[in-house]
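One structure below.
The values are calculated or read from the model by the stated rules, or taken from the named source; none is laboratory data. Predicted, not measured: the structure shown is a model, and the values here were computed from it. Cβ atoms come from the backbone with ideal geometry, glycine included; neighbour counts cover every protein chain shown.
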Amino acid sequence: MQTTANTFPRLLLNHAKQQPDAPAVREKDLGIWQTWTWAATAREVRDFACGLASLGFKAGDNLAIVGANRPHLYMAVVAAQCLRGVPVPLYQDAVAGEMVFMLEDASVEFVIAEDQEQVDKLLECRETRPTIRHIIYDDPRGLRHYDQPGLMSYEKLCELGRAWDAAHPGSFDQGVAAGEPGDVAVILYTSGTTGRPKGVCQTHASFIAAGRGGVETDKLGPGDNIMSYLPMAWVGDHLFSVAQWLVGGFTLNCPESAETVMNDMREIGPSYYFGPPRTFEGLLTAVSIRMEDAAAPKRWLYAKFMALARRVGADILNGAPVGFGDRLMYGIGNLVIYGPLRNVLGMSRIRVAYTAGAAIGPDLFRFYRSIGVNLKQFYGQTETCAYVCLQRDGKVKLQTVGGAAPGIELKIAPDGEVLVRGVSVLKEYYKRPDATAEVLDADGYFHTGDAGVLDAEGHLRIIDRAKDVGRMAAPGGAAAGAMFAPNYIENKLKFFPQIKEAVCFGHERDQVCAFINIDYEAVGNWAERRGLAYGGYVDLAGKPDVLALVADCIAKVNADLAAEEGMADTQIARFMVLHKELDPDDDELTRTRKVRRGFIAGKYAVLVDALYGGKSEQYIETQVKFEDGRTGVVSATLGIVEAKRFAPMKAAA
Amino acid sequence: MSTRKIGEVILDVQNISLSFGGVKALTDISFNVREHEVRAIIGPNGAGKSSMLNCINGVYQPQQGSITFRGQHFKHMNSRQVAEMGVARTFQNLALFKGMSVLDNIMTGRNLKMKSGLLAQALRWGPAEREELAQREFVERIIDFLEIQLHRKTPVGRLPYGLQKRVDLGRALAMEPQVLLLDEPMAGMNVEEKQDMSRFILDVNDEFGTTIVLIEHDMGVVMDISDRVVVLDYGKKIGDGTPDEVRNNEDVIRAYLGTEH
């Protein structure tokens, strides 16, 4: 039951007309699921909007929304839009000091807060930012005796709204009718890990297009259920729980509390689910631990059928041809293992599940797909409504984030950066024309800051942050060669438990070489089990057996790279295992344990020269700082090892 | 932040003396508790704090003295009568049904409010069912209030200690008490659990206007959340007043820190 309305308030009103009695929102309260129908939702939105209007909220004003996923807060989003105002969801776990910046930046005068905790924070903000005039709270607990000016409960505001509505007949409808698709629908703040947060302005048109693309791709509509449990200020939640909700007309389900999400999910049995990779990982860990405690026959059955699932499960889900015998066995497995397992995970009715936000481990991804959970990836950022690429059913490849979403054009810049143009690209950064100009070019392309490649089917593979990506020098020193993504290769290396850190060089060189740090604990264990005697880190790192062990890992990574398009040239040619651990105390790593590539290249210039100079070993003395501040010298002769390389292969799905 | 009004004296303890054989647990103790206040009883180990609570609660019957509750004068209290008058308590060593769920444990606190008979309750027949639904709703509000929704169906014995204490508080709250006696609600808790519990105690006081009498060892907590403090030492009252007054009281300092000889 899609409607073609072009603003969010109109979408809501259309649903209220077309499916008034269908459930729009549910919330578990006092142990019982409470339901708002579309008609009830529209009515509350109207009351709330009129209440805001009665306090003087007008077109162009911003309404800050602070709290967890509560139905009233989602209604507040649409209510602000009904008046041509702009909702500004903020992260509820931000401390007052961080919140002040956003409240100030967005000139907020009206706020709706979830509860006492948030109200206290806002009152604290108001001490430095007195223009916050009205604070509306949803949950009155603990707030009974507050008498600060401008504080009002949700119920009271709706009451004012009904009176205002009666006194100004038609005003609300005029407001909704006046809304334009080009109006800013929401301001979402970027997390601000790099510099201070920026408010991303997205219009009704962009978010509706992004929502519609997702809804049509996965055929979502009335009858579908989604859990809304991720922060409302995060673009992903806004896409799933607001844009797709209002476009598709399915049902939002708000958990009883942040802790009960898993239980609530099992009760609802959502058909549509989103979680960051760590959620999926946490679920799998919980299952694995419980399986280890199970009785022996059950463990045997589990191992047996999971092996089958790993072999054919993903193919069955992708619709690839699978033999009759395997199909039959998978059917039995579905009855005895996969089905019950999905039930425990709350995923019995899942048609579509998405993950994004970080790279998902291959084993994890395969596990869910193999037991029949249609887990897919998408790619996007706040500036693109989290809507750039998504994986289509039947075309899911682990390495990629899928093809361009409907209405989106992708282009890879000469330096490897992913450029995006299309329906979901931001209008601007709020009050920051300078920042807007930096990311939006004259042709309307948004510069994502991520480096990626497109494969033969047009699927995007994100490999690195663009600023880290370099270029290989072509053999013979001619023009620029292949793209070189150091983090991408290093992450592949660090995937091995034996390798703690890796540093790759290759920018403007004709080959890639690497420094490796072994993981002292893992490799030490390995050495002990093999009866290999060693006297400390330096000794262990120099053992020929250890070098062979690392060479094996590198050969596997090279095989991987050879199979990937555009990566074959960046296979590691030579490596050496460093004689000391890279350490933040020696400035080799940042405090968050990121490799400082430039600094290391300078400090160990002798070694780098040796790697590229065709030597077979190199002596080095390094000063190290001990924890008590004294310094000492570590010296060693490091062997340089040639790594096994592979001929480029055609990518296999 | 709150404008909670402290009312008239609701509970007045006069000249209580309690002894077990030759051991004098309490000697001539008098103090009062005002409506809506948070009143703490502190003192070193063996000072008689729990005995004092047990006298108010009707578990012990003091040899001398009297207790006035809401204008009614008692020589000593009777525990059922006390409960019916709206005094609930939690215990230093938890008194919960370990094998029963959180929900059922808190339901037991509603027992006094149930009117229908045993048989009707067992059959969930007519009015009994309606009554149980109403009681259940009340219990759900407490579960919501104490933020233990996740553990609603979990047997209490499987919960960590800090949460069990919270369930114990929930069971006491289910009685809709006017006065809540808390016996060391924060014993054995870590800092975070103590903070949570302090917040819940203040919320109960603020939200329901419940008068609270608590025994506690953690001085920081006591000084932060109480309106007035009574200090006992060897069964005698050595201090009474606001946290600041008590903190500066010479006798109290001596009892806690010892004297210079």
So A:V108, is it away from chain B (no Cβ under 14 Å) and surrounded by 21 or more Cβ atoms within 10 Å (Cβ to Cβ):
yes
Given A:E44, A:E27, which one is within 14 Å of chain B (Cβ to nearest Cβ), in contact (Cβ under 8 Å) with a residue 12 or more places away in the chain and of a type outside the set (A, V, I, L, M)?
A:E27
Report yes if some residue within the stretch B:177-185 is within 14 Å of another protein chain (Cβ to nearest Cβ) and on the phi < 0 side of the Ramachandran plot; otherwise report no.
no
Is one or more of the residues making up the stretch B:21-29 closer than 19 Å to B:G209 by Cα and modelled with pLDDT of 85 or more?
no
In the stretch A:220-232, which residue that is under 16 Å from the mean Cα position of the chain (by Cα) and surrounded by 24 or more Cβ atoms within 10 Å (Cβ to Cβ) is farthest from A:T35 (Cα to Cα)?
A:M232
Within the stretch A:1-55, restricting to residues that are acidic (D, E) and surrounded by fewer than 17 Cβ atoms within 10 Å (Cβ to Cβ), the one that is nearest to A:M227 (Cα to Cα) is A:D29
Grab the strands (runs of 3 or more DSSP E) fully contained in the stretch A:22-79, keeping just those with 3 or more residues being under 30 Å from the mean Cα position of the chain (by Cα) and closer than 14 Å to A:I136 by Cβ.
A:62-66
Being buried (at least 20 other Cβ atoms within 10 Å of the Cβ), part of a helix (DSSP H, G or I), touching a residue at least 24 places away in the same chain (Cβ under 8 Å) and among the β-branched types (V, I, T) narrows A:V287, A:V242 down to just A:V242
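A quick yes/no check of all residues on (1) free of Cβ contacts under 8 Å to residues at least 40 places away in the same chain; (2) closer than 30 Å to A:S288 by Cα; (3) within 16 Å of the chain's Cα centre (by Cα):
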site	(1), (2), (3)
A:V373	yes, yes, no
A:Y379	no, yes, yes
A:A405	no, no, no
A:L410	no, no, no
A:D415	no, no, no
A:V420	yes, no, no
A:K427	no, no, no
A:T448	no, no, yes
Output the number of the condition that A:R266 fails; it satisfies all remaining conditions of (1) at pLDDT 85 or above; (2) in contact with a Gly (Cβ under 6 Å, 6 or more places away or on another chain); (3) closer than 22 Å to A:G394 by Cα.
(3)
Residue in the stretch B:134-150 that is within 14 Å of chain A (Cβ to nearest Cβ) and aromatic (F, W, Y) present:
yes
One residue from A:E98, A:E114, A:E127 being within 34 Å of the chain's Cα centre (by Cα), within 14 Å of another protein chain (Cβ to nearest Cβ) and not polar (S, T, N, Q):
A:E114
Has the stretch A:243-255 got at least one residue that is over 19 Å from A:Q81 (Cβ atoms) and among the hydrophobic types (A, V, I, L, M, F, W, C)?
yes
Please go through the stretch B:199-222 and give me each residue that is touching a residue at least 12 places away in the same chain (Cβ under 8 Å), out of contact with any Lys or Arg (no Cβ under 8 Å at 6 or more places or on another chain) and under 16 Å from B:I42 (Cα atoms), ordered by number.
B:E216, B:H217, B:M219, B:V222
Among (1) under 23 Å from the mean Cα position of the chain (by Cα); (2) within 14 Å of chain A (Cβ to nearest Cβ); (3) touching a residue at least 40 places away in the same chain (Cβ under 8 Å) - the single one B:L163 does not satisfy:
(3)
Being farther than 25 Å from A:H72 by Cβ and more than 14 Å from chain B (Cβ to nearest Cβ), is that true of even one residue in the stretch A:236-247?
no
Residues in the stretch A:112-130: is at least one under 30 Å from B:F208 (Cα atoms), polar (S, T, N, Q) and surrounded by 17 or more Cβ atoms within 10 Å (Cβ to Cβ)?
yes
Which numbered condition trips up A:G142, out of (1) of a type outside the set (F, W, Y); (2) within 14 Å of chain B (Cβ to nearest Cβ); (3) on the phi < 0 side of the Ramachandran plot?
(3)
Where the second residue is in a loop (DSSP other than H, G, I, E, B) and of a type outside the set (A, V, I, L, M) and the first is under 15 Å from B:M85 (Cβ atoms) and more than 14 Å from chain A (Cβ to nearest Cβ) and lies in the stretch B:4-22, which pairs have Cβ atoms under 7 Å and are six or more apart or on separate chains?
B:I10/B:E35; B:I10/B:R70
Index of the failed condition, B:M219 passing every other in (1) in contact with a helix residue (DSSP H, G or I) (Cβ under 7 Å, 6 or more places away or on another chain); (2) more than 14 Å from chain A (Cβ to nearest Cβ); (3) of a type in the set (A, V, I, L, M):
(1)
Any helices (runs of 4 or more DSSP H) falling wholly within the stretch B:146-261 and containing at least 1 residues that are among the basic types (K, R) and buried (at least 17 other Cβ atoms within 10 Å of the Cβ)
B:161-173, B:191-208
The helices (runs of 4 or more DSSP H) lying wholly within the stretch A:124-228 that contain at least 2 residues that are hydroxyl-bearing (S, T, Y) and in contact with a Leu (Cβ under 9 Å, 6 or more places away or on another chain) are A:204-217
